[in-house]
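The values are calculated or read from the model by the stated rules, or taken from the named source; none is laboratory data. Here the structure is a predicted model, which means the values were calculated and not measured. Here Cβ is always computed from backbone atoms with ideal geometry, including for glycine, and neighbour counts include all displayed protein chains.
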Amino acid sequence: MMLNRQINDQFTIRMLSGRDVQPLQTFVQETKAETKRWIPLLQTLKTEADCLQFIKHFLILFSESRGIIAGVFHDKDLVGLVSFNEVDQTNKFASIGYVLKESYRGKGLMTNVLRSFITYGFSYYAISEVRLYIERKNKASKKLATRFGFSYVKTEVHTDPINKVETSLELYRLWKQDWQT
């Protein structure tokens, strides 16, 4: 089931496809400073070819039920991304990630996006758990996780393979039986 959901009158989330190469490249350029810390993988997307390869990678993951990336669109402008970076069918969990342009934060948009996306994940992938890794200093994401009923599990040190920087990430978990849409 392809993902294409209306969030409200102005916002939609839908799976990225080949038609989104240019919007993705623009999004990456416009959010470079803020995503460098949170999502260093986006720093590798410098050309249209890079963006197309990134989208194709997620289309393959989607076809194998191992992941999905969706755009958050304001009318036709890409203003955010949300993804299941990893779907583990054996252990029935998915790891979620998201980013939103700064000018769209603090208005409840990501709350609505995640509500829809997590519901989609529990339904489409038949998983029992969603995992969320949050950088220790990211208070807004911790607040969002708590609002949705995620529970803190532990802190892990991860080395970013691109920037070679160690970061403390806190793992949060949400179980399907605790999910309330």
Among residues of segment 142-154, those that are loosely packed, with under 13 Cβ neighbours inside 10 Å and modelled with pLDDT under 95, counted: 3
Filtered residue count, segment 63-73, keeping only those that are buried (at least 17 other Cβ atoms within 10 Å of the Cβ) and in contact (Cβ under 8 Å) with a residue 40 or more places away in the chain: 6
Filtered residues of segment 89-113 (kept if free of Cβ contacts under 8 Å to residues at least 40 places away in the same chain and out of contact with any strand residue (DSSP E or B) (no Cβ under 7 Å at 6 or more places or on another chain)): 89, 90, 91, 103, 105, 106, 107, 108, 111
Some residue of segment 36-45 being aliphatic (A, V, I, L, M) and modelled with pLDDT of 95 or more: no
Search result, residues across segment 89-127 that are of a type outside the set (A, V, I, L, M, F, W, C) and touching a Lys or Arg at 6+ places or on another chain (Cβ under 8 Å): 89, 95, 111, 116, 120
Total residues in segment 117-158, condition of a type in the set (Asp, Glu) and touching a residue at least 60 places away in the same chain (Cβ under 8 Å): 1
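Please find, within segment 132-141, the residue that is surrounded by the most Cβ atoms within 10 Å (Cβ to Cβ) out of those that are at pLDDT below 95 and outside any loop (DSSP other than H, G, I, E, B). Even if it seems obvious, please write down each step before you answer.
Of all residues in segment 132-141, those at pLDDT below 95 come to 133-141.
Adding the requirement that they be outside any loop (DSSP other than H, G, I, E, B) leaves 133-135, 139-141.
On the way: 133: 18, 134: 22, 135: 14, 139: 9, 140: 12, 141: 19.
My answer is 134.
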Checking residue 159 against (1) surrounded by 12 or more Cβ atoms within 10 Å (Cβ to Cβ); (2) farther than 23 Å from residue 90 by Cα; (3) among the polar types (S, T, N, Q), the condition it does not meet: (1)
Output for segment 93-116, where each listed residue is exposed (fewer than 15 other Cβ atoms within 10 Å of the Cβ) and touching a Leu at 6+ places or on another chain (Cβ under 7 Å): 111
Which listed residue, of 53, 43, is without any contact (Cβ under 8 Å) to a residue 24 or more places away in the chain and under 29 Å from residue 166 (Cβ atoms): 53
Residue that is farthest from residue 2 (Cα to Cα), among those in segment 93-123 that are among the charged types (D, E, K, R) and in contact with a Ser or Thr (Cβ under 7 Å, 6 or more places away or on another chain): 101
Residue within segment 40-62 that is loosely packed, with under 12 Cβ neighbours inside 10 Å and within 23 Å of residue 125 (Cα to Cα) present: yes
